[in-house]
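Chemist: Mind looking over this structure? Questions follow.
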């Protein structure tokens, strides 16, 4: 099995569902260490993505991701907009015009997405940001793609599981980037909302391929 | 033609207000505010910033001033996606002070890099009263001395306040000369204001470069005319 545009559209649709379902949870994660708008922003952003996908149905996975990137950057409002926008844009560029994506192409795109987030946000691993979900996810995806038995589903599952573990691991960290860093030590003991929403996005990618 | 400015803030009111403030000192500079989201909330929007960059295109380039966090990232994304990314520079400067300094420099005809530098020079004009540019000039004291120097007494009642500082900095930023006034960068409006030079104060002007003589005469002329003020 390879990933095609139907998968991409299903993925983005499931992202929108996940953001709507977890809107309140993300807001609550963001309240003590941010400006409590992450859930609302992500929900609004992906609802706008759904509208765009309906308006101009994409023909390739890359086109679907590019549309998503531009929409998130325009509609999310908070820092997640340009960060996720850049991630989707870099992944779209990695996919190119391909009609189908194989395990190696998928891993390359996830690494490109992670690199985009790092370039845009200038955060490193351990700063208590979405990088803490994306870096383990990109690395796990690469390892799974390199495995001879690896298929796209295995790569997606590896990425989602690593992102979820990475998000949980932000709980004890002290934030060094973003709004939470203004709180210093008081940011410890809370999950980073961006890492949490990143895990939701990568989990949705599994659901879309299953 | 001049360099144009785009202001990206989380708040529409901050962006509009900053432009309004800077326009008082730089009435001819095109400044476009891109504050808030497209639906009027707090936040930043790529769509809004890209449309501002479009509106500001056609001059001698665009310098973008931003406030915190996502404003910087949205501006960077917009720069990446712009038709000609090299015509768009992001200034790493405090929004309001940086914008005023950039606007004054642009009004004076400074080029793209000089406008960005004028905004960023604001950072260095803290307690020491010296901008990074002037510390470079201090470092070069071992080299050849200034080509032209002069001392002028401030005769206007209010001394070196905002408007005179804007006139001096604006004019100097368009000249091909490095000028220090009492040790600070003469092309930096905020640095000049930190001199807190009142009526009767003496301004010691040193100038280097091809336009050094013209720059000295320019400053001297303004000061001796009391900047056209009582």
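Chemist: How big is D for chain A, in µm² s⁻¹ as a whole number, if Stokes-Einstein is applied with the Kirkwood radius of its Cα pairs at 25 °C and 0.890 mPa s?
Modeler: Using the Kirkwood radius from Cα pairs, D works out to 148 µm²/s.
Chemist: Counting only Cα atoms, I'd like the Rg/Rh figure for the protein assembly as shown, Kirkwood definition for Rh.
Modeler: Radius of gyration relative to Kirkwood radius: 1.09.
Chemist: Relative contact order for chain B: what is it in percent, counting Cα pairs under 8 Å that are at least 6 residues apart?
Modeler: 18 percent
Chemist: A further question on this structure: For segment B:132-228, build the convex hull from the C-alpha positions and give me its volume per residue in Å³.
Modeler: In segment B:132-228, the Cα hull volume divided by residue count equals 78 Å³.
Chemist: Have a look at A:17, A:185, A:55 and tell me which one the Gaussian network model of chain A (Cα, springs below 10 Å) gives the largest fluctuation.
Modeler: A:55
Chemist: Going by average Cβ density within 10 Å per residue, which order do the peptides A:80-92, A:158-170, B:3-15 take, highest to lowest? Provide the component values of the computation, followed by the final result.
Modeler: Working: A:80-92: 27.3, A:158-170: 22.5, B:3-15: 24.4.
In descending order of packing, they fall as A:80-92, B:3-15, A:158-170.
Chemist: While we're on this one: Take the Cα atoms of segment A:1-83, find their three principal axes, and give me the spread along each one in whole Å, biggest first.
Modeler: 41, 25, 19
Chemist: Only Cα pairs under 8 Å and at least 6 apart count here; give the relative contact order of chain A as a rounded whole percent. Can you show the working numbers first?
Modeler: On the way: 417 pairs, mean separation 49.1, N = 210.
The normalised contact order for chain A reaches 23 percent.
Chemist: Hey, another quick one. When the Kirkwood hydrodynamic radius is evaluated over all pairs of different C-alpha atoms of chain B, what value in angstrom, to one decimal, is obtained?
Modeler: Numbers: mean 1/r = 0.0560 Å⁻¹.
About 17.9 Å, per the Kirkwood formula over Cα pairs.
Chemist: Another question about this same structure. Would you mind classifying segment A:53-161 by shape? Square roots of the alpha carbon gyration tensor eigenvalues, ordered a ≥ b ≥ c; an a/c under 1.5 is rounded, otherwise it is prolate if a/b is larger than b/c and oblate if not.
Modeler: It is oblate, given that a/c is not under 1.5 and a/b is not larger than b/c.
Chemist: Give me the percent relative contact order of segment B:132-228, please, defined on Cα pairs under 8 angstrom at least 6 residues apart.
Modeler: On the way: 170 pairs, mean separation 39.0, N = 97.
Answer for segment B:132-228 is 40 percent.
Chemist: With a 10 Å cut-off between alpha carbons and a GNM built on chain B, which of B:23, B:215, B:102 moves the most?
Modeler: Of the options given, B:23 has the highest mean-square fluctuation.
Chemist: May I ask for the equivalent-ellipsoid semi-axes of segment B:4-124, computed as the square root of five times each C-alpha gyration tensor eigenvalue and listed largest first in whole Å?
Modeler: 19, 16, 13
Chemist: Test of understanding: in a Gaussian network model of chain B with alpha carbons linked when under 10 Å, which of B:209, B:98, B:35 would top the mean-square fluctuation ranking?
Modeler: Looking only at B:209, B:98, B:35, the largest GNM fluctuation is found for B:209.
Chemist: Right, next: With the crude spin-label approximation of a point 7 Å out along Cα→Cβ, what separation in nm comes out for residue A:165 versus residue A:188?
Modeler: Output for this residue pair reads 2.3 nm.
No lab work stands behind these numbers, since they all come straight from the coordinates. Note that the structure is predicted; figures quoted are calculated from it, not measured. Note: ideal-geometry Cβ built from the backbone for every residue, glycine included; neighbour counts use all protein chains shown.
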